1. Are any of the pairs 137/222; 275/311; 44/311 more than 20 Å apart by Cα-Cα distance, and if so, which?
2. Take the alpha carbon atoms of the range 43-89, find their center, do the same for the range 261-300, and report the distance between the two centers in whole angstrom.
3. Which cross-chain or sequence-distant (5 or more) residues have an amide H under 5 Å from the amide H of residue 356, H modelled 1.01 Å from N in plane?
4. At what distance in nm do the modelled label points of residue 164 and residue 45 sit from each other, each positioned 7 Å from its Cα along Cα→Cβ?
5. For residue 328 and residue 189, what does the FRET efficiency come to when R0 = 60 Å and r is the distance between their Cβ atoms, rounded to the nearest 0.05?
6. Karplus couplings for the range 191-201 from phi (6.51 cos²θ - 1.76 cosθ + 1.60, θ = phi - 60°), rounded to Hz, Gly and Pro as x?
7. Which residues does the label zone of residue 336 cover in the range 358-392, counting backbone N under 14 Å from a point 7 Å along Cα→Cβ?
8. Would you mind putting 298-305, 269-276, 131-138, 23-30 in packing order, based on average other-beta-carbon counts within 10 Å, highest first?
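The values are calculated or read from the model by the stated rules, or taken from the named source; none is laboratory data. Quick caveat, the model's predicted, so the values are computed rather than measured. Neighbour counts are summed over all protein chains in view; Cβ atoms, including those assigned to glycine, are modelled from backbone coordinates with ideal geometry. These area figures cover heavy atoms from the full protein model, side chains too; ligands, DNA and RNA do not enter into them. Shrake-Rupley method; radii C 1.70, N 1.55, O 1.52, S 1.80 Å.
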Amino acid sequence: MPETTTDARHWIDLEDRFAAHNYHPLDVVLNRGEGVWVWDVEGKKYLDFLAAYSAVNQGHNHPRIVQALVEQLGRLALTSRAFRNDRFGPFCEKLSKVSGYDRVLMMNTGAEAVETAIKAARKWGYESKGVINGQAKIITFSGNFHGRTTTIVGFSEDPVAHNHYGPFAPGFVQAPYGDIEATAKLFDENVVAVLVEPIQGEGGVIIPPDDFLPGLRKLCDKFGALLICDEIQSGLGRAGHFFAHTRAGVCADAVTIGKALSGGVYPVSAFLARKEVMEVFTPGSHGSTYGGNPAACAAAEAALDVLVDEKLCERSEELGTWLADELRAIDSPHIKEVRGAGLWIGLELHESAGGARKYCEALKDAGMLCKETHTHTIRFAPPLVIEKADLEWAVGHIREVLTR
Ligand SMILES: *Cc1c(COP(=O)(O)O)cnc(C)c1O
């Protein structure tokens, strides 16, 4: 078939034949995006209610972000860190000031930022806390999602993500998410860090009890361990605050961010930490060829400016509260629970509803794109630039699909 065909089947067949089958996407083939809208190859328009797992918080092709990236690409894209470039320092300063963390270490993907956090925690444990080399322990949680490297999937409980990728790296112990008493029992002097999602995204927008994060902070203080929050999905406005953990009134020693850090135009991630923690890294002890490149810095600087100037954290909080209330008011026998923080909602269905996938398919046919997470939960996470009228339109379709 010629490439000019408008039949989505053509592209789907090419993918099926030549690409690895490591995803199960909805059968919609997109070729254009603008703000909260995307268009498929057949010209049909959809409201994006997933925002690339929260990478597109600023909306598709935000003109300020695209312009910053394109301008930088026309000038200088990559130097490697063998040399310095004029975008890296100013961007690190901005990110430090906006986030409140002393030091920035830039990587590319979320998983690499988490790997950086694990390396920092262990090195800090041996060199600063005095743990015997090789004995460091990191506490992780049931239902976690931190990325796809072999180390990270080693402490995933999702059998599809984990099985047959071993042998796995030792040094991780798993606590039940949200259960502070059970977590306390795992602490000893070899624990160097707790790695936690303040709200679990892939887990289905799971919000822990109010005492959980403050309880972790207290345990970390008592045992001299680092509290590291993975804010790759929950941060940068998604949960209605710049960081989801500050919503719970705690201060982490370090955080990982990614996804919306570039507004969806370039892979950019970062590990942020207090100075004493970041000081464990010395020349040669960690790095990445593309980490901190000028194009990434230009995109991320503009993406941060958009987040602040367009007050996206505040928007997320305000519109998210409204959306969750509207969804809770839907009278459907299928809805088990609506969990929300900002414009980030997990709508869990009863098992009798027959799985979330078919409702996502029905919503796609109605013109809005969202995706199931695990079997029975639909995650709603539209770009934070969305207008109330578009949310009202979406709620109408969600109501219709869940009550038909
Ligand atoms: C998406 C995600 C990651 C991994 O990010 P990638 O860029 O896909 O490697 C890590 N942690 C959390 C909480 C995430 O949501």
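1. Working: 137/222 16 Å; 275/311 28 Å; 44/311 30 Å.
Long pairs (Cα-Cα over 20 Å): 275/311; 44/311.
2. Answer, in whole Å: 15.
3. 376, 377
4. 4.5
5. Details: r = 45 Å, r/R0 = 0.75.
Step by step, r from the Cβ atoms, then E = 0.85.
6. 6, 9, 7, 10, 10, 9, 8, x, 9, 7, x
7. 373-379
8. The peptides rank, most packed first, as 298-305, 269-276, 131-138, 23-30.
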